[in-house]
Amino acid sequence: MSTAPVTQAKAPMDEFNPFQAMAQRFDVAADKLGLDEGLRDVLRTPDKELTVSIPVSMDNGKLRVFTGYRVQHNFSRGPCKGGIRYAPDVNLDEVRALAAWMTWKCSVVDVPFGGGKGGVICDPRQLSKGELERITRRYTSGIMDILGPDRDVPAPDVNTNEQTMAWLMDTYSMHVRRTETAVVTGKPLALGGSKGRTEATGRGVMIATREAMKKIGLKPEQTRVVVQGSGNVGGIGAMMLARQGMKIVSISDIYGAIHNDKGLDVPDVLAHLRQHKKLEGYAKAEHIPSASQLELDCEVLVPAATENQITSKNAERIKAKLIVEGANGPTTVLADQILEKRGVTVVPDILANAGGVTVSYFEWVQDRAGYFWTEEVVNSRLEQVMTTSFAAVEETARKYSTSLRIGAYILAVGRVATVYQLRGTYA
Ligand code: NAD
């Protein structure tokens with residue numbers, strides 16, 4: 001897999017602009033597929049972008065206005081699907097890129113959704129639960145007209161969770177005068193959530209890692225893994241990988257990283273995190289700065305925090321043989337080129353972290369049918385989707401003599417292009 005010739009996208013004008021990064025990789029896939037300029041324009045361009053102002057009464061009695069976005073990138077294959085993130089640095093280009101990645105991701109795993117994404121500029125660490133609820137409800141009412149089980153179905157992302165989805169579902173339901181569980185996924189089980197959804201992205205990362213390790217001949221018991229991030233994807237991913245017999249030597253959070261070359265006790269680290277909300281103070285490991293974590297000695301690196309972590313500045317120093325992108329957009333286009341030349345295999349985000357949207361699709365199906373599956377059924381169907389999709393990406397990469405990333409884009413863009421052409425352009 002790592003011996004394919006370099007076929008990466010040209011460097012974007014701004015290495016750290018995620019939408020440009022998406023567009024560059026899209027263009028390489030479109031070239032390989034021979035798509036004409038008009039169709040490329042349609043597929044590259046977001047269908048709808050909504051910016052809303054969110055006035056909220058804060059706990060101190062003052063009014064504050066937040067800004068929120070919802071971008072619907074492409075609905076050719078079905079309702080738009082994608083998470084909502086709360087962070088101080090959310091911006092429209094980031095949400096656009098994340099929405100487009102959702103279109104390609106849903107297509108890679110062949111679930112009948114298009115791509116969307118949302119975000120609110122705020123720092124949840126500085127907000128009370130009441131303030132977060134009021135932001136969520138007002139944001140939902142602001143984007144209400146473009147939501148719905150057949151239009152656009154949000155889910156959790158960075159700094160949002162089951163509770164956020166419960167507030168969103170309730171707000172939507174109050175407006176439409178009926179309980180509409182299928183308007184969001186990643187809900188609590190008691191509100192129509194799916195068994196296995198919380199673990200789904202981490203489980204999918206584990207399956208993708210396992211499949212890639214088989215291909216490059218890495219054995220679990222000889223494999224050291226570094227995981228950046230310890231939230232839904234990183235924390236659960238680390239636990240699932242440890243259960244496969246791999247040694248998790250480092251985990252991080254936004255404040256710093258911990259390292260133990262003998263292997264961390266992952267459940268113990270996660271218990272510390274639940275209690276203290278940060279890794280700080282964890283006694284059974286060495287504490288190291290975040291920046292050096294990615295360059296630690298290991299066989300597998302799982303970036304599971306945020307965008308632009310593996311860049312032209314550190315790609316030469318990455319020691320891992322295999323990178324599995326738990327996060328969306330953690331590797332820049334320039335870093336891809338360096339890694340490919342060095343023979344490092346990268347399992348791209350739109351495949352590696354697609355377990356979440358796959359089980360979100362299962363949740364939506366269960367809500368609409370009003371019939372709920374056992375955890376064994378959910379997990380075995382997820383296993384099937386991830387292994388089939390991994391094999392399809394690998395085969396496409398081989399067929400076009402390219403990287404797994406570009407293989408995944410070719411597969412995804414090709415499927416969306418076919419559907420778009422079958423539907424035709426409404427005039
Ligand atoms: P989360 O909020 O649960 O956790 C994020 C983690 O990253 C936290 O441990 C946080 O401390 C850490 N972090 C944030 N910024 C960091 C930084 N600059 N350096 C180091 N650590 C940092 O979020 P999540 O749901 O786990 O999402 C993580 C990534 O995975 C995001 O890119 C998200 O888009 C992607 N993703 C999430 C899902 C899902 O189902 N939750 C699905 C697919 C992709």
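Each row is one residue, and each column tells you yes or no for (1) free of Cβ contacts under 8 Å to residues at least 60 places away in the same chain; (2) not assigned by TED's automatic domain parsing to the domain that holds residue 208.
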| site | (1), (2) |
| --- | --- |
| 327 | no, no |
| 341 | no, no |
| 354 | no, yes |
| 364 | no, yes |
| 376 | yes, yes |
| 389 | no, yes |
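Sort through 190, 200 and tell me the only one that's away from the ligand (no atom under 16 Å from the Cβ) and among the small types (Gly, Ala, Ser).
That would be 190, the only listed residue that is away from the ligand (no atom under 16 Å from the Cβ) and among the small types (Gly, Ala, Ser).
Counting just the residues of segment 295-307 that are among the acidic types (Asp, Glu) and open to solvent by less than 30 Å² (accessible area, probe 1.4 Å), which one comes out nearest to the ligand (Cβ to nearest atom)?
For segment 295-307, the residue satisfying everything is 307.
Residues that are more than 30 Å from residue 362 (Cβ to Cβ): find the helices (runs of 4 or more DSSP H) completely inside segment 174-285 holding 3 or more of those.
Hits in segment 174-285: 266-276.
If we scan segment 168-185, do we find a residue that is surrounded by fewer than 19 Cβ atoms within 10 Å (Cβ to Cβ) and under 22 Å from the mean Cα position of the chain (by Cα)?
no
What number of residues within segment 203-243 are of a type outside the set (A, V, I, L, M, F, W, C) and more than 14 Å from the ligand (Cβ to nearest atom)?
Looking only at that region, the number is 13.
Is it the case, given these coordinates, that residue 147 is closer than 30 Å to residue 227 by Cα and away from the ligand (no atom under 12 Å from the Cβ)?
No: the conditions fail for residue 147.
Please state which of the following conditions residue 292 fails to meet, knowing it meets all the rest: (1) over 24 Å from residue 107 (Cα atoms); (2) away from the ligand (no atom under 14 Å from the Cβ).
(2)
Which members of segment 207-217 meet the condition of being open to solvent by 10 Å² or more (accessible area, probe 1.4 Å) and touching a helix residue (DSSP H, G or I) at 6+ places or on another chain (Cβ under 6 Å)?
211
When you go through (1) over 27 Å from residue 390 (Cβ atoms); (2) open to solvent by 10 Å² or more (accessible area, probe 1.4 Å); (3) of a type outside the set (Ser, Thr, Tyr) one by one for residue 33, which number turns out not to apply?
That leaves (1) as the condition not met.
Does residue 391 satisfy being open to solvent by 10 Å² or more (accessible area, probe 1.4 Å), more than 15 Å from the ligand (Cβ to nearest atom) and not in a loop (DSSP other than H, G, I, E, B)?
yes
The values are calculated or read from the model by the stated rules, or taken from the named source; none is laboratory data. A quick note: this is a predicted structure, and the numbers were derived from the prediction, not measured. Every residue, glycine among them, receives a Cβ derived from its backbone with ideal geometry; neighbour counts consider all protein chains shown. These area figures cover heavy atoms from the full protein model, side chains too; ligands, DNA and RNA do not enter into them. Shrake-Rupley method; radii C 1.70, N 1.55, O 1.52, S 1.80 Å.
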